[in-house]
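The values are calculated or read from the model by the stated rules, or taken from the named source; none is laboratory data. Nothing here was measured: the structure is a model prediction, and the numbers come from that model. Cβ coordinates were reconstructed from backbone atoms using ideal geometry, including for glycine residues, and neighbour counts include every protein chain displayed. With ligands, DNA and RNA removed, areas are computed over all heavy atoms of the protein, side chains included. Shrake-Rupley method; radii C 1.70, N 1.55, O 1.52, S 1.80 Å.
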Amino acid sequence: MQITNVFGGEHIPLSYEIFPPKGELPMEEAHDVLAELTKLDPAFVSVTYSAGGGGNTGFTSEIARLGRETFNLNMMAHLTCMGSTKDDVEDAIALMHERGVENVLALRGDPVPGKEARDFQFAKDLIPRLREAGFCVGAAAYPEGHAACLDLDEDVRHLKEKQDAGAQFLVTQLFFDNRYAYKFLDKCRAARIRIPITFGIMPFMSKAQVSRMVFMCGASLPSPLVKVLARWEHDPDSLRKAGIEYACQQLIGLAQHGVDGVHLYSMNKPDVAREIAEAVRPYL
Ligand code: FAD
């Protein structure tokens, strides 16, 4: 099913992100994660793409096929274009068609040292080709601005270019303070970005994970979160519980604000996803 169809219904859609497992048996592990997520009745499940030398790019569309064929899930494959030639993108499109992928999140990808942009400079350059190839296409959005763009208004103008290029919905970067999401939504609507925006939340499980995310994505750290991290830093069980509670509060707040959708960066931890889904479902 095209992801555009999940928006605008009676309930706010809750979707999940998984990544291709890095272990010895990635497909078996992915099978187990998808089996558990299926029980949560996801609006869709997105599968990340690692072009940074992880060597697992082929697994993205394979996992998307597994989810659709084995679990009847609505799946979305991510695709990056940083450093890709037109031929590389044609190969990726052919593979996704072969594997029955319908939905694609069109991304530039992060710069890799020594790997220059080739035929695609920005995600907006990839979007028209994916639309032409028949996919339902989403793009990434950044409530606090993309880490490399210091001016949020300019970043929103670039986001509008992705809508103009054919993006049909947006999925946001994680953030820990909903106030940024609400201001961002207002900016988007003022900039005539009308496509559905689904807001991504990541439940934190450790202080190291939060620090990594803050530096990688430029997400702000609100003081209530800093206090929680300081309090439970050396107590993993309590920190896990606090991370789940914090994510639930963010998701419920977003739902009460009336957003188009919410997306959980579930980090291949279906147990965490289940606890969150059960807590927030009544609010969606
Ligand atoms: P773009 O939209 O191309 O933007 C990149 C930068 O260029 C921004 O700073 C933007 O403001 C600027 N820009 C855009 N257009 C112009 C223009 N016309 N002129 C000047 N500057 C411009 N990465 C992966 O490797 N694999 C994944 O699976 C993955 N999944 C993601 C999922 C989500 C929901 C999100 C939010 C991010 C994901 N990423 C993933 C990370 C993403 O690849 C990086 O954030 C990347 O640096 C930017 O990708 P983009 O598609 O947003 O780029």
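For the chain, averaging the sequence separation of C-alpha pairs within contact (under 8 Å, six or more residues apart) and dividing by the residue count gives a relative contact order of 20 percent. Stretched out straight at 0.36 nm per residue, the stretch from ALA35 to SER211 would grow longer than its current Cα-Cα span by 60.3 nm.
Using the average count of surrounding beta-carbon atoms within 10 Å as a protection proxy, the listed peptides 166-175, 28-37 rank, highest first, as 166-175, 28-37.
Rounded, prolate or oblate: which fits the chain, taking a ≥ b ≥ c as square roots of the Cα gyration tensor eigenvalues, rounded meaning a/c under 1.5, else prolate when a/b beats b/c?
Details: a/c = 1.39, a/b = 1.21, b/c = 1.15.
In terms of gyration-tensor shape, rounded.
Between the C-alpha center of the stretch 69-136 and that of the stretch 144-186 there is a gap of 20 Å. Partner aspartates and glutamates whose Cα lies under 19 Å from the Cα of LYS39, excluding those fewer than 8 positions away in the same chain, are identified as GLU17, GLU28, GLU29, GLU69, ASP271, GLU275, GLU278. Rounded to whole numbers, the Karplus 3J(HN,Hα) couplings from phi for the stretch 102-110 are 10, 10, 10, 8, 8, 10, 6, x, 7 Hz, using 6.51 cos²θ - 1.76 cosθ + 1.60 with θ = phi - 60°, and x at Gly and Pro. Mind checking which lysines have their Cα closer than 27 Å to the Cα of LYS86? Skip sequence neighbours fewer than 8 apart in that chain. Cross-link targets: LYS115, LYS124, LYS160, LYS162. Averaged over its residues, the chain has an accessible area of 47 Å² per residue, based on protein heavy atoms and a 1.4 Å probe.
The residue list ALA255, PHE215, LEU239 was ranked by how far each Cα lies along the charge dipole of the stretch 184-284 toward its positive end, using unit charges on Cβ atoms, and PHE215 comes out on top.
Rounded to the nearest percent, how much of the accessible area of the chain (1.4 Å probe, protein heavy atoms only) is carbon and sulfur?
Details: 6660 of 13360 Å².
C and S fraction of accessible area: 50 percent.
In order along the stretch 170-186, the phi-based Karplus estimate (6.51 cos²θ - 1.76 cosθ + 1.60, θ = phi - 60°) of 3J(HN,Hα) comes to 10, 10, 8, 4, 5, 7, 10, 10, 4, 4, 5, 5, 5, 5, 5, 4, 4 Hz; Gly and Pro are listed as x.
Let me have the 222 nm mean residue ellipticity of the chain computed from DSSP H runs of 4+ only, each contributing -39500 (n - 2.57), with the sum over all residues rounded to the nearest 500. It comes out at -15000 deg cm²/dmol, rounded to the nearest 500.
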